[in-house]
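Only one structure is covered here, and it is reproduced in the block below.
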């Protein structure tokens, strides 16, 4: 009986196909799952904005200086990318001759040399500070930038060496010095030696002040600890990117100490501007021109 029913169904299908014209027949299609209908398709790696969760290709984000084109959120920028973006022309990279040792043979969950090796493989950099000499709109400058992905941008002896070398060259050639700060503070694996870099960098900055050479600090997200307590707060002019977190102790530590909830925008750049700790909040797209105008004014350039 089942074979008879199947034959009858096939006969019915054939009769329907014969009776209807070809353009009236149903065209088979690929069914797209509902959850995939509104998702964009990308052919290259994407970056998700932490604020609006928009997906932007890495190339588009790079061309936009890592500022979200949807909500204008400033994403973290690698130190080398930042310096190459800042300079019109890079003349040389400084401080490559310095390398970190293990003076305290420090071991926490892993030995210090192992942590250094992991950070170098992760970032492709040898240390947490990159120093370059170049030109912006024809004006020679020296700039340093912290790589936060390298052990939280922590300040060790090599960071101090590179910063002091950059300051000495700025003093020698009478060139302004720019610092893009982004750090979690001093590096505990080097103990007292890392804390000594606060005094070393402060002394180098004082020599720049005495020689009337501009030292401008741009605080990105985040800047904390010993870096805030030394080189990040000793500039002639303090600029900051929007919503940058800036402070000495972290917000969570302060809340546990005072036993109070600290609401936004505590420790944000906007909060510090309101209380007079920084001079100006500058959008990343306007940062180069702003620094150039400040340097031109301070050095009496045309």
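The values are calculated or read from the model by the stated rules, or taken from the named source; none is laboratory data. As the structure is a computational prediction, the values presented were derived from the model and not from experiment. Cβ atoms come from the backbone with ideal geometry, glycine included; neighbour counts cover every protein chain shown.
Kindly evaluate residue 150 against the criterion of being crowded, with 21+ Cβ neighbours inside 10 Å and either within 19 Å of residue 244 (Cα to Cα) or in the same structural domain as residue 107 (by TED's automatic domain parsing) (or both). Answer is yes for this residue.
Taken across the stretch 109-124, residues that are assigned by TED's automatic domain parsing to the domain that holds residue 218 and closer than 19 Å to residue 226 by Cα do not occur at all.
Remark: pairs (first residue in the stretch 190-219, outside the structural domain of residue 287 (by TED's automatic domain parsing); second residue crowded, with 22+ Cβ neighbours inside 10 Å and assigned to a helix (DSSP H, G or I); Cβ separation under 8 Å; 6+ apart in sequence or on different chains) are absent. For the stretch 264-278, the count of residues that are surrounded by fewer than 20 Cβ atoms within 10 Å (Cβ to Cβ) and either closer than 25 Å to residue 199 by Cβ or touching a residue at least 60 places away in the same chain (Cβ under 8 Å) (or both) is at least one.
Listed by position, the strands (runs of 3 or more DSSP E) inside the stretch 82-198 whose residues that are at pLDDT below 95 and out of contact with any helix residue (DSSP H, G or I) (no Cβ under 8 Å at 6 or more places or on another chain) number at least 1 are 89-94.
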